[in-house]
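Novice: Pasting a structure below so you can have a look.
Computed from the coordinates by the stated procedures, all read-outs in this text should not be read as laboratory data. None of the values given here were measured: they were computed from a predicted structure. Don't worry about glycine lacking a Cβ; one is built from the backbone with ideal geometry, like all the others, and counts go over all protein chains shown.
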Amino acid sequence: MDVKALVDAGENLDAALGLVSRKDGGFSPPDLAWVLRTMKVSALAKADGYDAVGLLVFRDELIDRLLG
């Protein structure tokens, strides 16, 4: 949800991923994709008042982007 909010605010996701990789040598886009895939997005969205369907679509697009 935080990543979607940052992207919606105009932040550059590719630049951020590059910075994370430099800051944390153990970070990898495939690892993040795995974590995103295992998250209970619908439950989190409902608890925080987000649109669950929209967040699931964003999550799946983000995973594709991370693995692409």
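Novice: Just to be sure I understand: if I project the alpha-carbon convex hull of the chain onto a plane and average over all orientations, what area do I get in nm²?
Specialist: Details: hull surface 18.4 nm².
Quarter of the Cα hull surface area: 4.6 nm².
Novice: Under 15 Å from a point 7 Å along the Cα-to-Cβ line of residue 21: which residues of region 33-66 have their amide N that close?
Specialist: Taking a point 7 Å out along Cα→Cβ of residue 21, the residues of region 33-66 whose backbone N falls under 15 Å are 33, 65-66.
Novice: Now, a different point. Run lengths n ≥ 4 of DSSP H only: what is the helix-derived mean residue ellipticity at 222 nm for the chain, with -39500 (n - 2.57) per run over all residues, to the nearest 500?
Specialist: Values: 5 runs with 52 residues, N = 68.
It lands at -22500 deg cm²/dmol.
Novice: When the Karplus curve 6.51 cos²θ - 1.76 cosθ + 1.60 is applied with θ = phi - 60°, which whole-Hz ³J(HN,Hα) does each residue of region 53-68 get, with x for Gly and Pro?
Specialist: So the J values, rounded to whole Hz, are 5, x, 5, 5, 4, 4, 4, 5, 5, 5, 4, 4, 5, 5, 8, x.
Novice: Taking only Cα atoms, what is the 0 to 90° angle, nearest 10, from helix 13-23's long axis to the longest principal axis of the chain?
Specialist: 50
Novice: All other residues with a Cβ under 15 Å from the Cβ of residue 10 taken together, and with Lys, Arg as +1 and Asp, Glu as -1, what is their net charge?
Specialist: On the way: positive: 4; negative: 2, 8, 11, 14.
With Lys, Arg at +1 and Asp, Glu at -1, the net is -3.
Novice: Charges only on Cβ, +1 for Lys and Arg, -1 for Asp and Glu: so what's the dipole of region 2-67 about the Cα centre, in debye to the nearest 20? Please list the in-between numbers first.
Specialist: Numbers: 8 positive and 11 negative charges, 40 e Å.
The calculated dipole for region 2-67 is roughly 200 debye.
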